[in-house]
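Input: a single structure, listed below in C-alpha cells.
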Amino acid sequence: MSAVEIFAALPFPAAVAALERALVDGFDPADDPPRSVLDVPAGQFLLMPSAVGNACGVKVATVAPDNPRVGRPRVSATYLLYDAATLGLRAMLDGTALTSLRTPAVSVAAIRPALERYASPPDVVVFGAGPQARGHAAALRECVPSGLGEVHHVVRDPGSVAAGIGYEILPAGDSALRPLLRTASIIVCATTSRTPLFDSALLADDATVIAVGSHEADAREVDAGFLSRAQVVVEDIATALREAGDVIMAVAEGAITAESLIPMAAVVRNAATLDLSRPVLFKSSGMSWEDLVVAHAVFAR
C-alpha cells in the first residue's frame, strides 16, 4: 500500500480513534517489545515488532544521517502486516507514510483533553518542517475542535523548505520567535536537535508541548524547566526512561521524578485526569504497537 492509499484509507481522526480503542480495550503498552537497533556503516536499522489483538507485524526502518546531503530522506521504512494466527503476510505498507500518520495520531490521542481545552482557535508554533512537523500541523487542524489560529514553522534553513507548506516559515533565532512563543498555546517539536529549542520560561501556564523528534537518551528538544512545570505524559514509563532524552535528563537533573510521569493509557482510559490550568508535555519516542494498530486499521478499511 502506497502513501496515497494509506492516507486515503485512514484520516487522522480515524487513526486517533483506532489507537484509543486499542488502549480502552485493554492493550498495555508496557507489554510491547522494545525496538532493536542495529548499527551499519551508513547508519542504523530499526526493527519494531508487535502483536495486538488479532494482528501482528513489524516495521523495518533505516536511519541514514548523510542522506539529506544527496537529496534522499534521512529515515525510510517498510511495514509488514501478518495474520496473527498463521503468520502469513497480509500486506506490505509504505512505512514512512505509516509513521507520518501514526505519530501525530498518537500525540492527539495521548493528550486529547489538553488539546480540547482552548475555547478559541489556538496559535501553534512548530519547530521543523519535515514530514512529522507537517503531519502534526495537519492532524491538529483536523482534530482540535476549535480549529487552529496562526501556525508558524521554525526552521534552521528556510531555503530548504519545499514550497506549498501552507504556513509561515520563520528562521530559528528570528527576533519574532520570542513573542510568538509567549502567545502560542501549542508548541510542536519535530527536529533532530540534541539541545533545547527554546526558553520554556516564555510559555504560558496553559501551554501544550508535543515533543517527537528523538528516541535517544542523550538528545532533548525541551528544557528541564518546562518539565518541572508541566504534567508529563509518555507512551510508557519504562520506554520513556530508556529512550526519551527529554525525560531521562530531566530526571537526572532532579527536575521531575519517574513517579510523576503519566502513561498515555491512563489519560485515554480516564484513569488519570489532567489539570487543564497547568502546562502539559507529551514526550513520544515511538512504539511498535502504534504502527501495528494504525497499519491494521488501514488494512481493514
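The values are calculated or read from the model by the stated rules, or taken from the named source; none is laboratory data. For clarity, every value in this text was computed on a predicted model and none was experimentally measured. Quick reminder, even Gly has a Cβ in these numbers, built from the backbone with ideal geometry, and neighbours come from all protein chains shown. Areas reflect the complete protein model, heavy atoms only, side chains present, ligands, DNA and RNA absent. Shrake-Rupley method; radii C 1.70, N 1.55, O 1.52, S 1.80 Å.
At pLDDT below 95 and closer than 23 Å to Ala204 by Cβ: is that true of Val188 in this structure?
So Val188 does not fit the description; no.
When you go through Ser260, Ser285 one by one, which is the residue that is within 30 Å of Arg90 (Cα to Cα) and open to solvent by 10 Å² or more (accessible area, probe 1.4 Å)? Spell out the reasoning first.
Details: Ser260 fails: within 30 Å of Arg90 (Cα to Cα).
From the options Ser260, Ser285, the qualifying one is Ser285.
Do you know which residues across region 131-171 are over 19 Å from Arg74 (Cα atoms) and at pLDDT below 75?
Once the filter is applied, which keeps residues that are over 19 Å from Arg74 (Cα atoms) and at pLDDT below 75, region 131-171 yields Ala163, Gly164, Ile165, Gly166, Tyr167, Glu168, Ile169, Leu170, Pro171.
Report, ordered by the first and then the second residue, all pairs with beta carbons closer than 8 Å, sequence separation of six or more or different chains, a first member in region 193-212 that is closer than 13 Å to Asp223 by Cα and free of Cβ contacts under 8 Å to residues at least 60 places away in the same chain, and a second member that is surrounded by 24 or more Cβ atoms within 10 Å (Cβ to Cβ) and among the aromatic types (Phe, Trp, Tyr).
Ser200/Phe226
Please pick out the residue among Asp236, Asp223, Asp275 that is in contact (Cβ under 8 Å) with a residue 12 or more places away in the chain and open to solvent by 50 Å² or more (accessible area, probe 1.4 Å).
Testing whether each residue is in contact (Cβ under 8 Å) with a residue 12 or more places away in the chain and open to solvent by 50 Å² or more (accessible area, probe 1.4 Å) leaves just Asp275.
Taking the stated definitions as given, is Ala30 in contact (Cβ under 8 Å) with a residue 60 or more places away in the chain and within 18 Å of Ala138 (Cα to Cα)?
Spelling it out, it is not the case that Ala30 is in contact (Cβ under 8 Å) with a residue 60 or more places away in the chain and within 18 Å of Ala138 (Cα to Cα).
Which of the residues that make up region 136-154 are open to solvent by 10 Å² or more (accessible area, probe 1.4 Å) and of a type outside the set (A, V, I, L, M, F, W, C)?
Answer for region 136-154, where residues must be open to solvent by 10 Å² or more (accessible area, probe 1.4 Å) and of a type outside the set (A, V, I, L, M, F, W, C): Arg141, Glu142, Pro145, Ser146, Gly147, Gly149, Glu150, His152.
Can you tell me which residues in region 238-266 are among the β-branched types (Val, Ile, Thr), within 22 Å of Arg21 (Cβ to Cβ) and assigned to a helix (DSSP H, G or I)?
Here is the first cut: in region 238-266, the residues among the β-branched types (Val, Ile, Thr) are 239, 247-248, 251, 256-257, 262.
Narrowing the set further to residues that are within 22 Å of Arg21 (Cβ to Cβ) leaves 239, 262.
Matches in region 238-266: Thr239 only.
Taking the condition of being within 19 Å of Asp28 (Cβ to Cβ) and basic (Lys, Arg), how many residues in region 246-282 meet it?
1
For region 108-118, check the following and say yes or no: at least one residue is within 19 Å of the chain's Cα centre (by Cα), among the small types (Gly, Ala, Ser), under 30 Å from Gly71 (Cα atoms) and surrounded by 24 or more Cβ atoms within 10 Å (Cβ to Cβ).
no
Please go through region 1-43 and give me each residue that is among the polar types (S, T, N, Q) and modelled with pLDDT of 95 or more, ordered by number. If you could, list the steps in order and put the result at the bottom.
Start the filter on region 1-43 by keeping residues that are among the polar types (S, T, N, Q), which leaves 2, 36.
Selection gives Ser2 alone.
List pairs: first residue in region 122-140 and closer than 18 Å to Ala176 by Cβ, second residue in a helix (DSSP H, G or I) and open to solvent by less than 10 Å² (accessible area, probe 1.4 Å) anywhere in the structure, Cβ distance under 8 angstrom, at least six positions apart or on different chains.
Taking only residues 6 or more apart or on different chains, the pairs are Val124/Ala137; Val124/Leu140; Val125/Leu181; Val126/Ala133; Val126/His136; Val126/Ala137; Phe127/Ala133.
Report, by residue number, each residue of region 42-91 that is among the acidic types (Asp, Glu) and either closer than 24 Å to Glu243 by Cα or touching a Pro at 6+ places or on another chain (Cβ under 6 Å) (or both).
Scanning region 42-91 gives a single hit, Asp66.
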